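J.: Before anything else, here's the structure in question.
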Amino acid sequence: MQKVIFDTDPGVDDAMALLFLHKHADIDLIGITTVFGNASVETTTRNALFLQQEWGISAPVARGADQTYDPARTPVPWPTFIHGDDGLGNIGVPDHVDGNLDPRPAHRFLIETIRANPGEITLVAVGRMTNLANALREDPEIAGLVKSVVIMGGAFDVPGNITPAAEANIYGDPEAADVVMTAPWKVVVIGLDVTMKTVMSRAALAETASQGGKAVELLSDISQFYIDFYGKLVDDGMVVHDSCACVYVVAPHLFESTTGTVRVLCGGIADGKTIMKPDGRFFPPSAWDDLPSQTVCTDIDANGVLKLIHDTLAA
Ligand code: RIB
Ligand code: CA
């Protein structure tokens, strides 16, 4: 069993990823930390508690950052046109949900849980990287105590999805993402280069829901608004960005990757752009030198990933 803390901004594709982590037999989901992004942190935390309750998830939710790592940064508006006003496809989530809410802020929950489980925890981060960067700022030693960090974010050899240069999770807090990419821990980056290839059709989701019962029926209801939005970009279906990062934890063989040091541009017209210096390539001295080598995914067996998601949710 792999111990996972899921750092998330639910968020429609986040909801699918959460259900995958909850249902996969090889994953022990030990915490859910929330962050602003697809909606305010009040809303993403309420949504995490809602999903926790609806799906009978025992892991606690810890509320995280409500602003960027550098508080002077101008905030990005909530993408209500993708995830709905309620962050979950306008299904009518109750305003207040009681649930298993940890009293600690997310970054402290991360630090204390990592320290209590040295070398065992995989962090799967699928929103802004703010909670992870805040945890590193408070306790840099945790970098050596984490098993690995798998993030959904970035765009290397493809256009961004919020600007031509940047992917939304990174653009929403570039300084935090640069802290995470350059820290001395093992990061696997799952960006738009692979996630945009991974589309679950509306029909396939309906079929999964017909087998997976009430939990997947709720997920299907949540997802319809998002699928309508993505109709402008892909054939009728759901880009499963955040689930790709979760699948990597249990099935890395479904991905191709390369290694190198990664920096995030902070400011300018390419604000939030992720750039890798490949290992073994030599350049004059640059801001990519003397940093940890990270893993960047370059291709994906999309059918294999979709089948694993289907099989896990339908079971
Ligand atoms: O760019 C895709 C990412 O942005 C996903 O994590 C999605 O939930 C949105 O926040
Ligand atoms: Ca997300």
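Rule-based calculations on the coordinates, nothing more; no lab input. Predicted model, so just to flag it, every value in this text is computed and none were measured. Please note: Cβ atoms are built from the backbone with ideal geometry, for glycine as well, and neighbour counts cover all protein chains shown.
J.: Please list, in chain and number order, the residues 5+ apart from residue 27 or on another chain whose amide H is under 5 Å from its amide H, with Hs placed from the backbone.
T.: 2
J.: Now for a different question. For the chain, what is the percent of antiparallel DSSP beta bridges, rounded to the nearest 5?
T.: Values: 14 of 39 bridges.
Approximately 35 percent, going by the DSSP bridge assignments.
J.: Just to be sure I understand: with springs between alpha-carbon atoms less than 10 Å apart, which residue in 52, 67, 211 has the highest mean-square fluctuation in the Gaussian network model of the chain?
T.: 211
J.: Does the stretch 90-202 come out rounded, prolate or oblate, given a ≥ b ≥ c as the square roots of the eigenvalues of its C-alpha gyration tensor, rounded meaning a/c under 1.5 and, failing that, prolate meaning a/b above b/c? Let's see the in-between values first.
T.: Values: a/c = 1.89, a/b = 1.19, b/c = 1.59.
Taking the square roots of the gyration eigenvalues as a ≥ b ≥ c, the stretch 90-202 is oblate.
J.: Could you check which residue among 159, 285, 174 shows the biggest mean-square fluctuation in a GNM of the chain with a 10 Å Cα cutoff?
T.: Checking each option, the largest mean-square fluctuation is seen for 285.
J.: In whole percent, what relative contact order does the stretch 185-315 give with Cα contacts below 8 Å and a gap of six or more residues? Walk me through the intermediate numbers first.
T.: Working: 184 pairs, mean separation 47.5, N = 131.
Relative contact order for the stretch 185-315 comes out at 36 percent.
J.: Using every Cα-Cα pair within the chain, state what percent have a distance larger than 37 Å. Could the numbers behind the result be given before it?
T.: On the way: 3845 of 49455 pairs.
Of the Cα pairs, 8 percent sit more than 37 Å apart.
J.: So how far, in whole Å, is the C-alpha centre of the stretch 228-301 from the one of the stretch 154-226?
T.: For the stretch 228-301 versus the stretch 154-226, the Cα centre distance is 12 Å.
J.: What residues qualify as long-range amide H neighbours of residue 155, i.e. H under 5 Å apart, gap of 5 or more or another chain, H built at 1.01 Å from N?
T.: 167, 192, 274
J.: Still on this structure: Taking the Kirkwood radius as the inverse of the mean 1/r across Cα pairs, report the Rg/Rh of the stretch 1-116. Provide the component values of the computation, followed by the final result.
T.: Working: Rg = 13.8 Å, Rh = 14.4 Å.
Result: Rg/Rh = 0.96.
J.: Please tell me the relative contact order of the stretch 2-314 in percent, rounded to the nearest whole number, where contacts are Cα pairs under 8 Å and at least six residues apart. Before the final figure, lay out the partial values.
T.: Numbers: 701 pairs, mean separation 61.5, N = 313.
Reported as a whole number, the value is 20 percent.
J.: A further question follows. For the chain, modelled as a GNM with alpha-carbon contacts under 10 angstrom, which of 193, 271, 98 fluctuates the most?
T.: Result for the chain, Cα springs under 10 Å: 98 fluctuates most.
J.: Here is a further query. Quick one: give the max-minus-min coordinate of the C-alpha atoms of the stretch 205-315 along each principal axis, largest first, in Å.
T.: Cα extents, longest axis first: 57, 32, 21 Å.
J.: Please work out the Cα center distance from the stretch 16-92 to the stretch 94-122, rounded to the nearest Å.
T.: 13 Å
J.: If you place +1 on the Cβ of every Lys and Arg and -1 on the Cβ of every Asp and Glu, how big does the dipole about the Cα centre of the stretch 2-314 come out, in debye to the nearest 20?
T.: Magnitude of the dipole: close to 380 debye.
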